[in-house]
Amino acid sequence: MNAFTIMTLGCKVNRYESEAISEQLTDQGWHLTDKGAKANLCVVNTCTVTGKAAMQSRQAVRRLVRSHPGALVVVTGCYAQVAPEVFASTPGVHYVVGHSFKDQIARLASPHKGGRFSVTLVEDLSAPRLFQDLPITRFGDRTRPFVKIQDGCDAFCAYCIVPHARGRSRSLSPEIVTKRITRLQESGYFEVVLCGIHIGRYGQDLIPGTSLTRLLRSIDCPCSVQRLRLSSIEPAELSEDLIGQVAASEQICPHLHIPLQSGDDEVLKRMNRPYNSKFFRDLIHCIIRKIPDAAIGVDVLSGFPGETETAFEKTCGLIEQLPIAYLHVFPFSLQKGTRAEGLGDRISPETIRKRCQHLRKIGQTKRRKFYESNIGSTQQVLIEGKRDRVFGYLKGFTKNYIPVLVQATDEWCHQVVEVRLEKMTNGRVFGRLR
Ligand code: SF4
């Protein structure tokens, strides 16, 4: 029996693509191995957004080669795209596959007769190109499937390797997006997460051109999936129109994840970010005015070259005064080929570590206060398929992204139910089914 294993690192887009590759393989008669079982085919979908992600990708490849001797090994993803030589020279790796050949992996996956060879299928992505669709009809054991609507990025933020790895911004047609969501709804999913590399630029490359707001308007109807969640969206693309669309919608979850990166205008300029701290502050207040129960998550990058102590304090100060629900904190790590390579005033790893620690503390306080402010409310919770390991309770998410533990039988899995959020203990929210 042909068995495969697939390991995915990085973002929602990578996880979506791994799901599509898995679906192609299973449609061809391969089966996904159970954890620890032997596989004839190993696929690693790599990430290189940070130094740590790149290191974890290399480790994952070596680990799979070691634990599945004789298997066919395929390495794909952003790290394979920007540095194919790293994996082409790794013993035991047979194929290095760039993004534009991901739809070929199932074809390459013939039963492996052993022997050493190494083939690299990677092409330059810098020229504009059409969106390459990798369809899915299901999403493994996830309760909330992702739907990839956009790929690539043209922004070239100074610290970011993604535009080099994913190429120019390109979009999936609204017709196919709608069909895909309907198909997932018919398969019994209640929530879909729209993802991409730079979804705020959705539709700008299409003929006729469209936008994320117009796409949402076209799929925001009672006949469609019950809950739509947006993945990360750039501050400059959160227009009043889009915020208004989210505020007025029964379907679009009041949950916005917005990268800030720094609260200091000088650092933002050096990062090549297209806004300043005043713009960001006004944006957050505008969102909360229109969507009072919104969960706003914020990305912050610490240790960018030239981030003085004062600049760091400005970042902390801005975050502390804003009504946000949680933080994702990233330590700056230099990526080869980015504009940051040419910048001086590097920050020491020890200082970066301390600053991230401090930001994470601020984030924990924000998250606790946000959860506390929802205790006593009754919310629609989508119950997931897994039980919490500590309490054995079922877990689910509110529309404003609060994880809630409820005591309930398995029949409630993958269902949207009314839950009263009753208490919070050790940072966990407990609710009671209504
Ligand atoms: S918007 Fe900036 S941070 Fe985001 S993917 Fe593009 S270049 Fe990277």
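The values are calculated or read from the model by the stated rules, or taken from the named source; none is laboratory data. A quick note: this is a predicted structure, and the numbers were derived from the prediction, not measured. For neighbour counting, all protein chains shown are included, and Cβ atoms are generated from backbone atoms with ideal geometry for every residue, glycine included. To get the accessible areas, we keep the full protein, side chains included, count just its heavy atoms, and leave off ligands, DNA and RNA. Shrake-Rupley method; radii C 1.70, N 1.55, O 1.52, S 1.80 Å.
Which of the aspartates and glutamates could a cross-linker span from LYS395 if the Cα-Cα distance has to be under 19 Å and same-chain partners fewer than 8 positions apart are dropped?
ASP141, GLU191, GLU372, GLU384, ASP410, GLU411, GLU418, GLU422
Once Lys and Arg get +1 and Asp and Glu get -1 on their Cβ, which of HIS358, SER211, ALA20 lies farthest toward the positive end of the dipole of the chain?
HIS358
Among GLN380, TRP30, GLY427, which residue has its Cα furthest toward the positive end of the charge dipole of the chain, with +1 on Lys/Arg Cβ and -1 on Asp/Glu Cβ?
GLY427
Could you name the aspartates and glutamates in cross-link range of LYS269, using Cα to Cα under 12 Å and dropping any fewer than eight places away on the same chain?
Candidates past the 8-residue exclusion: GLU307.
Measure up LYS386/LYS423; LYS290/LYS361; LYS52/LYS369; LYS314/LYS369 against 23 Å on the Cα-Cα distance and list the ones that go over.
Details: LYS386/LYS423 21 Å; LYS290/LYS361 28 Å; LYS52/LYS369 30 Å; LYS314/LYS369 21 Å.
In this structure, LYS290/LYS361; LYS52/LYS369 exceed 23 Å between Cα atoms.
Given labels modelled 7 Å from the Cα in the Cβ direction, how far is it in nm from ILE375 to ARG116?
6.2
Within the accessible area of the chain, what % is carbon and sulfur when the probe is 1.4 Å and the other protein chains stay in place?
52
Determine the dipole magnitude for the chain: charges of +1 sit on the beta-carbon of Lys and Arg, -1 on that of Asp and Glu, nothing else is charged, the reference point is the Cα centre, and the result goes in debye to the nearest 20.
It comes to approximately 1080 debye.
To the nearest 20 debye, what is the magnitude of the charge dipole of the stretch 107-216 about its Cα centre, counting +1 on the Cβ of each Lys and Arg and -1 on the Cβ of each Asp and Glu?
280
When the Karplus curve 6.51 cos²θ - 1.76 cosθ + 1.60 is applied with θ = phi - 60°, which whole-Hz ³J(HN,Hα) does each residue of the stretch 308-321 get, with x for Gly and Pro?
For the stretch 308-321, the Karplus curve yields 6, 4, 5, 4, 5, 4, 5, 4, 4, x, 4, 4, 5, 8 Hz.
Would the stretch 3-121 count as rounded, prolate or oblate if I go by the C-alpha gyration tensor, calling it rounded below 1.5 in a/c and otherwise prolate when a/b exceeds b/c, oblate otherwise?
In terms of gyration-tensor shape, rounded.
With θ taken as phi - 60° and the coefficients 6.51, -1.76 and 1.60, list the Karplus ³J(HN,Hα) couplings across the stretch 277-286 in order, rounded to whole Hz; mark glycine and proline as x.
The phi angles translate into 5, 5, 4, 5, 4, 5, 5, 4, 5, 5 Hz.
What three numbers, in Å, describe the spread of the alpha carbons of the stretch 378-433 along their principal axes, ordered from the longest?
Extents along the principal axes: 27, 23, 16 Å.
State in Å² the accessible area per residue of the chain; use a 1.4 Å probe, count heavy atoms of protein chains only, and round to the nearest integer.
Heavy-atom accessible area per residue stands at 45 Å².
Helix-only estimate, please: 222 nm mean residue ellipticity of the chain, summing -39500 (n - 2.57) across DSSP H runs of length 4 or more and dividing by its residues, to the nearest 500.
-10000 deg cm²/dmol
In the chain, what percentage of the DSSP-assigned beta bridges are antiparallel, given to the nearest 5?
The antiparallel fraction comes to roughly 35 percent.
Just how much of ARG270 is accessible, in Å², when a 1.4 Å probe is used and the result is rounded to the nearest 10?
Accessible surface of ARG270 is approximately 80 Å².
How much accessible surface does HIS358 have with a 1.4 Å probe, in Å² rounded to 10?
Answer for HIS358: close to 80 Å² accessible.
Roughly how many nanometres apart are two label points built 7 Å out from the Cα toward the Cβ at ARG389 and LEU32?
About 1.9 nm, to one decimal.
What full-extension length gain, to one decimal in nm, is calculated for ARG62 and ARG107 as 0.36 nm per residue of separation minus the Cα-Cα distance?
Answer, rounded to one decimal: 13.9 nm.
Taking the simple approach of a point 7 Å from Cα along Cα-to-Cβ for both SER126 and GLN226, what is their distance in nm?
4.9
From the phi of every residue in the stretch 182-193, what ³J(HN,Hα) in whole Hz does the Karplus formula 6.51 cos²θ - 1.76 cosθ + 1.60 yield, where θ is phi - 60° and glycine or proline is x?
Once θ is set to phi - 60°, the couplings for the stretch 182-193 become 4, 4, 5, 4, 5, 7, x, 7, 9, 9, 10, 9 Hz.
With +1 assigned to the C-beta of every Lys and Arg and -1 to the C-beta of every Asp and Glu, and no other charges, what is the dipole magnitude of the stretch 378-433 about the Cα centre in debye, to the nearest 20?
Dipole magnitude for the stretch 378-433 comes out near 220 debye.
Which whole-number percent is the relative contact order of the chain (Cα, under 8 Å, 6+ apart)? Provide the component values of the computation, followed by the final result.
On the way: 876 pairs, mean separation 43.5, N = 434.
Reported relative contact order: 10 percent.
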